[in-house]
Amino acid sequence: FIEIFYKMRDERSFQGPSKEERLNSIKGNLHLLPNISDVLRGKTIIAVDDSIVRGNVAERIHQLLYEEAKVKKVYLASYTPPLGIIGGDGVDRGCFFGVDMPPNDNFIAKNRTIEQIQEKLKMPVVYLSYTGMLDVFNSLGLNPETLCTYCIGGKHPFE
């Protein structure tokens with residue numbers, strides 16, 4: 001494992017008020033580490049990100065790795081299950097509990113299959129499953145029932 005990106009500022013681009021502002025934030029903030037292109041050129045890599053919200057950061061990752069670093073192939077792995085999917089109760093998901101992501105937002109995973117997400121992002125994408133995430137918390141001795149998982153298909157935290 002090696003770090004390949006750096007950010008100029010500590011900000012969460014997905015929280016920008018408009019698509020244009022989010023894209024400008026990502027382009028001005030997410031960069032390849034100096035000389036990392038020499039290490040990555042021609043290789044197949046797995047890039048791990050904490051989440052894929054709308055896909056804007058993933059598109060920047062694609063641009064940086066394929067166009068600048070000239071990698072052979074990138075697999076994008078998210079250690080958060082797909083955000084904004086419809087839960088088992090048939091209700092659209094989002095977040096009103098600390099992060100402003102309403103259910104009607106344009107989450108990349110909403111109403112798309114994994115194949116459609118991969119096609120849109122032009123690279124293979126792998127998500128940690130919901131049950132896999134809960135298993136990780138259990139293995140660490142943490143009670144998953146104390147976590148809000150509403151935006152990834154879990155139950156409403158205040159029912």
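The values are calculated or read from the model by the stated rules, or taken from the named source; none is laboratory data. None of the values given here were measured: they were computed from a predicted structure. Cβ placement follows ideal geometry from the backbone for every residue including glycine, while neighbour counts extend to all protein chains displayed.
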I'm trying to understand the selection: among the residues of segment 79-135, which are without any contact (Cβ under 8 Å) to a residue 60 or more places away in the chain and small (Gly, Ala, Ser)? GLY90, GLY94, GLY98, ALA109, SER129, GLY132
Restrict the check to segment 78-88 and report whether at least one residue is within 17 Å of ILE2 (Cα to Cα) and in contact with a helix residue (DSSP H, G or I) (Cβ under 6 Å, 6 or more places away or on another chain). no
Do the conditions hold for ARG22, that is, is it at pLDDT below 90, surrounded by 13 or more Cβ atoms within 10 Å (Cβ to Cβ), assigned to a helix (DSSP H, G or I) and in contact with a helix residue (DSSP H, G or I) (Cβ under 7 Å, 6 or more places away or on another chain)? yes
